[in-house]
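For reference, the structure discussed in these notes is given below.
The values are calculated or read from the model by the stated rules, or taken from the named source; none is laboratory data. From a predicted model like this one, the values you see are computed outputs, not experimental measurements. Heads up, the Cβs are rebuilt from the backbone with ideal geometry, glycines too, and the neighbour counts pull from every protein chain shown. We work out accessible area using only protein heavy atoms, side chains counted, and drop any ligands, DNA or RNA first. Shrake-Rupley method; radii C 1.70, N 1.55, O 1.52, S 1.80 Å.
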Amino acid sequence: MNLTSLSRTISHALRHAPWLYELELDNEGWTPVEPLLVALRRERAEWANVTEADLAEMIATMPKQRHELKEGRIRALYGHSIAGKLKKEPATPPQFLYHGTAPETVALITTGGLQPMARQFVHLSSDEATALNVGRRKAHQPVILQVAAATAHECDVRFYLGNENVWLADAVPPEFITPRQGQPDPE
Ligand code: HQG
C-alpha cells in the first residue's frame, strides 16, 4: 500500500474537506476511525481492505508526524483550513521558532506580520532545517525568518504545539520577526 497517497488523502479529509468523506470533526479535530476507513475503502481499489493497523503503520513510518490516532479516533495535528477554529491548548514556546518562505513574501511578512492565510494558524518550525524544507515548497531558495517566540509569548501572542517540529500561532506581529542572516545553501 502506498502510504504517502494514503497520508495525503487522510490530510485532505481531516484538514480541509471532511464533508467530502462524510466525516464530522469535533472541536479538537477528532473523528472516529471507522467512518474514515469506510470512506477510504470506497475511494480506491487499493484501499478496499484498509484497516486501523494500516493507519497506525502510516503514522509510524511517514517522515512527518501529521496525524494522531487514539482510542478509535484520529485527527490531523496541524494544517487545518476548515471553517470553525479548532480548540487548542496554548503552550509555552522555545526561545526561537523559524518560518521558511518565498523571498517575494518576506517584505509583506516583515511589515504585516505572519498571517495564517488559508489555514487556521500560522505554522512555525522548531529548527532551521525544518523551516528550510517548509520553505522549499514555495521557492528554490527560501528565506528563513526567525521568530522571537518566547518574547512574543510574554507579550500575549498565543502559541500551540502541532508536533515536535511544528508549532502554531494565531498570528505573529512583525516586531518579533527577523530574517536570518547567512541563509543555508539549498542542495
Ligand atoms: C505566507 C506543510 C503574505 C507564508 C509544511 C507561507 C508546514 C504570508 C504562505 C505546513 C503572510 C502560507 C504549513 C503575509 C504568511 N503576507 N504571505 N502577511 N504571512 N505568509 O502552505 O507555513 O507537508 O499555508 O510564509 O511543512 O508554508 O502539509 O503554510 O508561505 O508545516 O504536512 O503564506 O504545511 O506541512 O502557506 O506550511 P501554507 P506553510 P505538510
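Charges on Cβ only, +1 for Lys and Arg, -1 for Asp and Glu, centred on the Cα centroid of segment 95-169; of Ala129, Phe96, Gln141, which one is farthest towards the dipole's positive end? It is Gln141. Charge dipole of the chain (Cα centre as origin; +1 on each Lys and Arg Cβ, -1 on each Asp and Glu Cβ, all else neutral): 380 debye, rounded to the nearest 20. Short to long, the 10 Å bins of the Cα pair-distance histogram for segment 97-181 hold 20, 59, 21, 1 percent of all pairs.
Would you mind getting me the FRET efficiency between Ala56 and Gln141? Use the beta-carbon distance for r and R0 = 41 Å, nearest 0.05. With R0 = 41 Å, the Cβ-Cβ based efficiency is 0.65. Given the C-alpha atoms of segment 3-76, compute the convex hull and give its volume per residue in Å³. Normalising the Cα hull of segment 3-76 by residue number yields 79 Å³. Nonpolar atom fraction for the chain, defined as the carbon and sulfur part of the 1.4 Å probe accessible area, stands at 50 percent. Between Asn133, Asn49, Asn163, the residue with the greatest mean-square fluctuation in the GNM of the chain (Cα pairs under 10 Å linked by springs) is Asn49. Computed from the C-alpha gyration tensor, the three semi-axes of the ellipsoid equivalent to segment 37-89 are 22, 15, 11 Å, from longest to shortest.
Stokes-Einstein diffusion of segment 1-128 at 20 °C, 1.002 mPa s viscosity, Kirkwood radius from Cα pairs, rounded to a whole number: 132 µm²/s. Think of a 1.4 Å ball rolled over the protein heavy atoms: the chain then has 54 Å² of accessible area per residue.
A Gaussian network model of the chain, with springs between Cα atoms under 10 Å, assigns the largest mean-square fluctuation among Gly112, Gly135, Gly84 to Gly84. Springs join every pair of Cα atoms under 10 Å in this Gaussian network model of the chain, and among Leu20, Leu40, Leu97 the largest mean-square fluctuation is at Leu20.
Using the Cα centre of segment 3-76 as the reference point, and only Cβ charges (+1 on K/R, -1 on D/E), how large is the resulting charge dipole? Debye, rounded to the nearest 20.
Dipole size: approximately 300 debye.
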